[in-house]
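This report refers to the structure that appears directly beneath it.
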Amino acid sequence: MDYHWNWGVLLQPVATGEPHTYLGWLATGFMNTVALTLCAWLLALAVGSLAGIARTLPNRFARAAGTAYVSLFRNVPLIVQFFVWYFVVPELLPATAGDWIKGLPPYTQFFVVSVLALGVYTGSRVCEQLRAGIEALPKGQRNAGLALGLTLGQTYRHVLLPVAYRTIIPPLTSEFLIISKNSAVASTIGLLELSGQARQLVDYTAQPYESFICVTLGYVVLNFLIIRLMGFVRNRTHVPGLLGQ
Amino acid sequence: MDHRLKAGSRTAAIRGGVALFALAAAMATAWAAETPLTGTLKKVKDDGVLVVGFRDASIPFSYYDVNQHPIGYSIDLANLVIDRIRQDTGRADLNVRWIPITSQNRISLLQNGTIDFECTTTTNNESRAKQVDFTNNFFEIGTRLMVKKGSPIRDFTDLKGQTVVVGAGTTSDKIIRSLNADKQMDMNIISAKDHSESFLTLSTGRAKAMMMDDALLAGERAKTKDPAEWVITGTPQSFEAYGCMVRKGDAQLKALMDETIAKLETSGKMSTIYHKWFMSPIPPKGLNLDFPMSDTMKKLFAHPNDKPAA
């Protein structure tokens with residue numbers, strides 16, 4: 001193939017006259033990806049935990065609400081959810097609220113919408129994993145907790161959840177890795193995260209291979225860090241004798 | 001005896017025929033040897049397949065009609081080029097495959113061989129010319145603004161502190177960012193994925209103005225419910241020429257297309273095609289873009305060239 005390689009382009013100042021190099025663009029994109037991944041992951045853990053617990057409660061309405069949430073958000077394509085949050089939701093709100101949202105600085109809008117879309121979507125998957133973690137416990141544990149005089153909340157807090165969360169650390173690690181890569185969908189609404197910056201780099205320099213190789217390395221580094229982080233969490237929370245370890 | 005004689009003369013006749021055929025074949029080979037086909041044209045002759053890129057939402061250059069077939073000003077040109085390729089390679093059975101492309105992937109798809117050429121809305125500029133070859137230019141645009149009727153924004157100086165939407169990776173994107181950095185205009189710039197999304201950003205009120213090639217602005221306006229609601233305004237920030245892209249070094253295809261385009265432009269055929277797409281009602285809604293030919297375009301048609309934009 002007839003391709004003109006030029007790695008030096010990364011160190012050139014950008015063509016727009018702003019005081020950056022193209023490598024600087026990639027660095028900004030990387031930071032945006034990291035920030036988006038972390039914020040969305042925290043939201044996903046919070047929402048997913050609430051819904052996951054709700055789906056295992058004795059209360060029928062709580063279970064139905066959890067099921068409805070999972071069915072809705074796990075079954076609609078992520079990119080559609082981004083567009084709905086970004087384009088449709090502000091139009092459904094009362095005009096004053098919608099206009100206020102649309103008047104915010106664009107980058108605030110992109111970031112907030114991306115965290116919401118990504119967090120709520122991934123939350124539905126975390127929910128199912130936590131439910132599986134809780135349901136994998138022997139039924140006797142819940143009954144024993146209640147028989148000891150603990151309230152339902154205390155049973156969850158001190159008996160069920162500590163073991164359930166430890167059980168699902170491996171699938172949660174996968175989920176964390178997936179959310180870091182799903183964050184690339186945010187570029188479709190305009191957030192210049194890592195893949196968005198790569199696209200921009202291609203547009204400006206016409207050097208697609210250099211750009212995408214850099215971006216690939218960026219995601220590899222991020223994913224390596226996540227694997228190490230989750231490995232650290234697993235070791236810190238390890239309880240000898242539990243889960244056959 | 002008689003019988004054998006007859007048989008012998010028949011054999012001779014057959015031999016003669018074969019010899020004639022061989023001679024003809026040799027002549028044909030000799031003629032072909034004079035101009036051995038290379039690049040895309042050779043591939044087309046060997047395989048009978050040509051792959052052409054198109055844009056699915058660049059009214060009126062290249063977009064889908066109601067049956068999801070690509071149509072438009074640039075597509076008319078591409079079809080004339082395809083006719084010429086069919087003639088020159090002698091493949092009347094040429095199988096033409098149309099592949100949708102975007103601003104972001106058009107260069108890569110051309111380089112890796114997914115498409116053989118594209119005539120859409122690609123500005124012929126120097127950074128792209130390092131990766132691909134451009135044919136003779138076939139359109140000239142100016143980059144301008146579109147705003148809602150009654151908006152206080154009349155020109156680029158009014159954009160201070162406003163939110164502006166541009167197509168990601170377009171020349172407007174570069175120009176508006178440079179303008180923002182140079183003049184410290186404190187604009188918020190949104191880079192949208194494609195023209196439709198740019199217009200959606202403008203029409204939902206997220207952006208106060210949209211910057212794009214004037215002909216494309218007229219195209220977006222023609223798609224709306226109420227075209228009179230939108231105004232094209234502002235001094236053009238740049239003039240640019242669209243060219244077709246072919247793979248770098250695909251000299252025979254480029255020569256064929258250069259010649260085809262130059263002939264169309266000087267013969268007045270291209271002006272007829274212009275009239276069809278810019279001055280008459282066009283699909284899907286039968287709207288008239290009403291976009292008269294500029295002087296720069298008349299100049300281009302008088303003197304076809306493949307010069308990149310300044």
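The values are calculated or read from the model by the stated rules, or taken from the named source; none is laboratory data. Note that this is a predicted model, so its numbers are computed, not measured. Virtual Cβ from ideal backbone geometry, glycine too; neighbours counted across all protein chains shown. Keep in mind that these areas ignore ligands, DNA and RNA; they rest on the heavy atoms of the full protein, side chains included. Shrake-Rupley method; radii C 1.70, N 1.55, O 1.52, S 1.80 Å.
Here is how the numbers come out for the structure above:
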quantity	calculated
Values of log10 I(q)/I(0), in the order q = 0.13 Å⁻¹, for the protein assembly as shown under a Debye, Cα-only, solvent-free model	-1.30
Pairwise burial B:A, computed as accessible area of each alone minus the pair, summed, 1.4 Å, Å²	2600 Å²
0 to 90° range, to nearest 10: angle between helix B:214-223 axis and chain B longest Cα axis	80 degrees
Heavy-atom accessible area, 1.4 Å probe, ligands and nucleic acids excluded: residues of segment B:179-205 down by at least 20 Å² from chain alone	B:ALA181, B:ASN188, B:ILE189, B:ILE190, B:SER191, B:LYS193, B:GLU197, B:LEU200, B:THR204
Given charges at beta-carbon only (K, R positive; D, E negative), |dipole| of chain B in Debye	520 debye
Length gained when the stretch B:GLN68-B:SER196 is fully extended (0.36 nm per residue, less Cα-Cα span)	44.4 nm
Under-5 Å amide H pairs with B:ASN188, H placed in peptide plane, nonlocal only	B:GLN162, B:THR163, B:VAL164
Interchain or long-range residues, amide H under 5 Å from B:LYS248's placed H	B:ASP133
Computed accessible area, B:HIS275, all protein chains, 1.4 angstrom probe, square angstrom	100 Å²
Normalised per residue, the volume of the convex hull around the Cα set of chain A (Å³)	172 Å³
Farthest toward positive dipole pole in chain A [+1 Lys/Arg, -1 Asp/Glu at C-beta], among A:ALA144, A:GLY133, A:HIS4	A:ALA144
Average accessible area per residue (Å²) across the protein assembly as shown - probe 1.4 Å, nucleic acids and ligands excluded	47 Å²
In degrees, nearest ten, helix B:269-278 long axis to first principal axis of chain B (Cα)	40 degrees
Listed residue (A:VAL113, A:GLN200, A:VAL70) projecting farthest to the positive dipole end of chain A, Cβ model	A:VAL70
Nearest 10 degrees, 0 to 90: helix A:208-237 Cα axis against chain A principal axis	20 degrees
Two-site label geometry, A:ASN75 and A:VAL233: point separation in nm, points 7 Å out along Cα→Cβ	2.9 nm
Segment A:27-234, relative contact order [Cα under 8 Å, separation at least 6], %	30 percent
Charged-residue dipole, Cβ positions (Lys, Arg, Asp, Glu), segment A:27-234 about Cα centre, Debye nearest 20	960 debye
Share of Cα-Cα pairs in chain B lying beyond 26 Å, as whole percent	52 percent
Members of segment A:104-143 that become less accessible by 30 Å² or more once partner protein chains are added (1.4 angstrom probe, chain alone as reference)	A:PRO106, A:TYR107
Neighbourhood net charge (15 Å Cβ-Cβ; Lys/Arg +1, Asp/Glu -1) for A:LEU172	+4
Shielded by partner chains, segment A:10-30 residues - at least 50 Å² of accessible area, 1.4 Å probe, vs chain alone	A:THR16
Set of segment A:59-83 residues, backbone N closer than 18 Å to the point 7 Å along the Cα-Cβ line of A:VAL89	A:69-83
Carbon/sulfur fraction of accessible area - the protein assembly as shown, other protein chains in place, 1.4 Å, %	63 percent
